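Asks: Quick one: the structure is below, questions incoming.
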Amino acid sequence: MKQLIIIIFVMSGICLSSCRSVQYIPVETIKTNTEYRDRLQRDSIHIKDSVLMFVKGDTVFRDRWHTEYRDKLIRDTINITDTIKTEVPYPVEKKLSKWQSFKMDVGGWAFGIIIAFILIVACNFVRKLKNK
C-alpha cells in the first residue's frame, strides 16, 4: 500500500510538471500628440493729455488736447507635445535547455526506430502469410 501511494505521488509529480505557459512581455509603443494654441491679445493704451510740453533745442513746444496712442499686438503661443507610452504584450519563446533539446533529438530517433520496427514486423508477417 505504501508503495502504491509513493508511485501515485511520483506519477502525479511527473504529470503536473509540464511545460510553462506563455508569458507576455509588454512592448512599448509611443503615441505623440502635438497641440498648438494661438491667441492674439491687444494691449492698447489711449491717453488723453490736455497739455503737452516738450523742448527741442532752445524752443519749447506746447500742444493742447494731444492723444497718445500705444498699440501693441501680443501673440501668445503655446506649444504642447505629449507622449503617451502604451504597452502591448507579445509572447516570448524561451530557449530550450540542453536536456530539453536532447529529449527532442532522442524522441525523433525513437520515433524513427518505432516506425522501422513496425515495418520489420509487417514484413515478417507478410512473409509468414506467403509461406503458408
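Asks: Does at least one position in region 14-28 carry a residue that is aliphatic (A, V, I, L, M), loosely packed, with under 10 Cβ neighbours inside 10 Å and modelled with pLDDT of 75 or more?
Replies: no
Asks: If you take the residues in region 79-127 that are free of Cβ contacts under 8 Å to residues at least 12 places away in the same chain and outside any helix (DSSP H, G or I), which one is farthest from E28 (Cα to Cα)? Even if it seems obvious, please write down each step before you answer.
Replies: Filtering region 79-127 down to residues free of Cβ contacts under 8 Å to residues at least 12 places away in the same chain leaves 93, 95-127.
So of that shortlist, the ones also outside any helix (DSSP H, G or I) come out as 93, 95-97.
On the way: E93: 18, K95: 23, L96: 26, S97: 29 Å.
Here the residue is S97.
Asks: Looking at this structure, is K130 exposed (fewer than 10 other Cβ atoms within 10 Å of the Cβ) and more than 30 Å from I25 (Cβ to Cβ)?
Replies: Working: exposed (fewer than 10 other Cβ atoms within 10 Å of the Cβ): yes; more than 30 Å from I25 (Cβ to Cβ): yes.
Yes.
Asks: Sort out which residues of region 92-109 are of a type outside the set (D, E, K, R) and closer than 25 Å to Q23 by Cβ, and write them in order of number. I'd like the intermediate steps shown before the answer.
Replies: Initial filter on region 92-109 (of a type outside the set (D, E, K, R)): 92, 96-97, 99-102, 104, 106-109.
Scanning region 92-109 gives V92, L96, S97, W99, Q100, S101, F102, M104, G107.
Asks: If I filter region 35-44 for residues that are at pLDDT below 70, over 36 Å from the mean Cα position of the chain (by Cα), within 30 Å of R62 (Cβ to Cβ) and hydrophobic (A, V, I, L, M, F, W, C), do I get at least one hit?
Replies: no
The values are calculated or read from the model by the stated rules, or taken from the named source; none is laboratory data. Everything numeric in this text was worked out from a predicted model, so none of it was measured. Backbone-built Cβ (ideal geometry, glycine too); neighbour counts: all protein chains shown.
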